[in-house]
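Have a look at the structure below before the remarks.
The values are calculated or read from the model by the stated rules, or taken from the named source; none is laboratory data. Please read all numbers here as calculations on a predicted model, not as lab measurements. In this analysis, Cβ positions are derived from the backbone assuming ideal geometry, glycine residues included, and neighbour counts consider all displayed protein chains.
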């Protein structure tokens, strides 16, 4: 498989799932996961299945790690990723997917929710797509070939001091992570221009890559939260 082939399928899958998100935003919550702040709707597994089917129609032997297949919690997500990577019978290709990043936003009708798709080859992210269906923005990258927004080359912002920085942060659903996050806000807020909390790791990472945000920090994330955004930022010249 070439990177172009992988990217084409990743974009196709993200657009298919994104269309469902766009048409169903505000969907009723059917159950919670770990707690009342970690939500799941009927649309989450639907979008994951759409992405998985799209991938396996083109690449039937590729492995797949989706958020909805794994119990909640960072330990479970880390264990699931390790199991996939360590399995000697697994494919060299692993698709790491969050079908709806920003489910709480989705439930409450806020257009800050989207699919995030990364493809790893032998443990290294080589293709990434974050599709924002509400603004029709496709953030995409291939290893060594730059990052793009709807075909236009991306570059991270050029702010050199914290005082000029707009920093995005997250609010983890796990209670044990809250103290660390609040401490970080207290430390950063007096030192930066402003802080934003948008409720979607994928969106905040994509916006760092295109310079709308300067940086993003969050504690207690899973692989599917950051895999795609990591490559897009790296290929846009960020760290």
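Scan the range 58-72 for residues that are in a loop (DSSP other than H, G, I, E, B) and either under 14 Å from residue 44 (Cα atoms) or modelled with pLDDT under 90 (or both) and jot them down. Explain how you work it out, then say what you get.
Of all residues in the range 58-72, those in a loop (DSSP other than H, G, I, E, B) come to 59-62, 70-72.
Hits for the range 58-72 are 70, 71, 72.
Take the residues in the range 186-201 that are part of a loop (DSSP other than H, G, I, E, B) and modelled with pLDDT of 90 or more, then tell me which one is surrounded by the fewest Cβ atoms within 10 Å (Cβ to Cβ). Give the steps one after another, and end with the answer.
Filtering the range 186-201 for residues part of a loop (DSSP other than H, G, I, E, B) gives 189-193, 197-200.
If we keep only those that are modelled with pLDDT of 90 or more as well, we get 190-193, 197-200.
On the way: 190: 7, 191: 11, 192: 18, 193: 13, 197: 14, 198: 19, 199: 18, 200: 28.
Applying the filter and picking the extreme gives 190.
For the range 214-235, name all the residues that are more than 13 Å from the chain's Cα centre (by Cα) and either closer than 13 Å to residue 154 by Cα or assigned to a loop (DSSP other than H, G, I, E, B) (or both).
Scanning the range 214-235 gives 214, 219, 220, 234, 235.
In the set 77, 91, which member is within 15 Å of the chain's Cα centre (by Cα) and outside the structural domain of residue 219 (by TED's automatic domain parsing)? First the steps, then the outcome.
On the way: 91 fails: within 15 Å of the chain's Cα centre (by Cα).
The match here is 77.
With respect to residue 211, is the statement that it is within 29 Å of residue 6 (Cβ to Cβ), in contact (Cβ under 8 Å) with a residue 24 or more places away in the chain, in a loop (DSSP other than H, G, I, E, B) and touching a helix residue (DSSP H, G or I) at 6+ places or on another chain (Cβ under 9 Å) true? Give the derivation first.
Numbers: within 29 Å of residue 6 (Cβ to Cβ): yes; in contact (Cβ under 8 Å) with a residue 24 or more places away in the chain: yes; in a loop (DSSP other than H, G, I, E, B): yes; touching a helix residue (DSSP H, G or I) at 6+ places or on another chain (Cβ under 9 Å): no.
No: the conditions fail for residue 211.
Which one of 155, 122 is surrounded by fewer than 17 Cβ atoms within 10 Å (Cβ to Cβ) and under 30 Å from residue 61 (Cα atoms)? First the steps, then the outcome.
On the way: 155 fails: under 30 Å from residue 61 (Cα atoms).
The match here is 122.
Is there any pair with a first residue in the range 142-162 that is without any contact (Cβ under 8 Å) to a residue 60 or more places away in the chain and on the phi < 0 side of the Ramachandran plot and a second that is in a loop (DSSP other than H, G, I, E, B) and surrounded by 14 or more Cβ atoms within 10 Å (Cβ to Cβ) whose Cβ atoms are under 7 Å apart and which are 6 or more apart or on different chains, and what are they?
Pairs that qualify, where the first residue is without any contact (Cβ under 8 Å) to a residue 60 or more places away in the chain and on the phi < 0 side of the Ramachandran plot and the partner is in a loop (DSSP other than H, G, I, E, B) and surrounded by 14 or more Cβ atoms within 10 Å (Cβ to Cβ), are 148/154; 153/146; 157/211; 157/214; 159/165; 159/214; 162/192.
Taking residue 82 as meeting all but one of (1) free of Cβ contacts under 8 Å to residues at least 12 places away in the same chain; (2) farther than 18 Å from residue 226 by Cα; (3) in a helix (DSSP H, G or I), write down the number of the exception.
(2)
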